[in-house]
């Protein structure tokens, strides 16, 4: 892979990396509720999930999903079910999105990491982007594993930087969410968005 091809991949991947999706909304929710440090942990889990998906492309995930209805159906409903559950949980949670420094216990890092990892691995946007974006930048003459490593790491880092930016905006976001009505509205929007992504994934066709 040449430097020119890699730079073109970065340019093409920039918009998908920052566009709204389940992982971005999860990062927003974590930033508002727990603060920027929590978002860094969830962003790390999301990046690892994207890196794993990238290797899936190299190992023939696209071919499997294209030829096996069973494999596609299993992946589809696992992801859809988890996103819908996460959406309902977010909607019904009454603890508030903004952290109370005096009363809120610090979140467990491994839970933040694992939740983001699962969302990433079952993220319909990430799956579609990787399956559509990676193959055109992979040359048959080079090592598929090596190229997938570069592309996966690049896309994962771009997404992590987007989550880092969300974490750095934590103070302004908390100020905006100081009103209880805004908190309730954002929670319902986040919950409905997760459910919507889950429903879209469940209805996706090969």
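The values are calculated or read from the model by the stated rules, or taken from the named source; none is laboratory data. This structure is a prediction, so every number in the text was calculated from the model and none was measured. Note: ideal-geometry Cβ built from the backbone for every residue, glycine included; neighbour counts use all protein chains shown.
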Q. In this structure, does residue 64 turn out to be assigned to a helix (DSSP H, G or I) and modelled with pLDDT under 75?
A. yes
Q. Which condition number does residue 170 fail, the rest of (1) within 29 Å of residue 74 (Cβ to Cβ); (2) more than 15 Å from the chain's Cα centre (by Cα); (3) buried (at least 19 other Cβ atoms within 10 Å of the Cβ) being met?
A. (1)
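Condition check ((1) more than 30 Å from residue 1 (Cβ to Cβ); (2) modelled with pLDDT of 75 or more) across all residues:
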site	(1), (2)
109	yes, yes
114	yes, yes
128	no, no
153	no, yes
157	no, yes
166	no, yes
195	yes, yes
Q | Out of 89, 33, 94, sole residue that is farther than 30 Å from residue 147 by Cα, out of contact with any helix residue (DSSP H, G or I) (no Cβ under 8 Å at 6 or more places or on another chain) and either assigned to a helix (DSSP H, G or I) or at pLDDT 80 or above (or both) | A | 33
Q: Return only the number of the condition from (1) touching a residue at least 24 places away in the same chain (Cβ under 8 Å); (2) surrounded by fewer than 19 Cβ atoms within 10 Å (Cβ to Cβ); (3) within 18 Å of the chain's Cα centre (by Cα) that residue 27 does not satisfy.
A: (2)
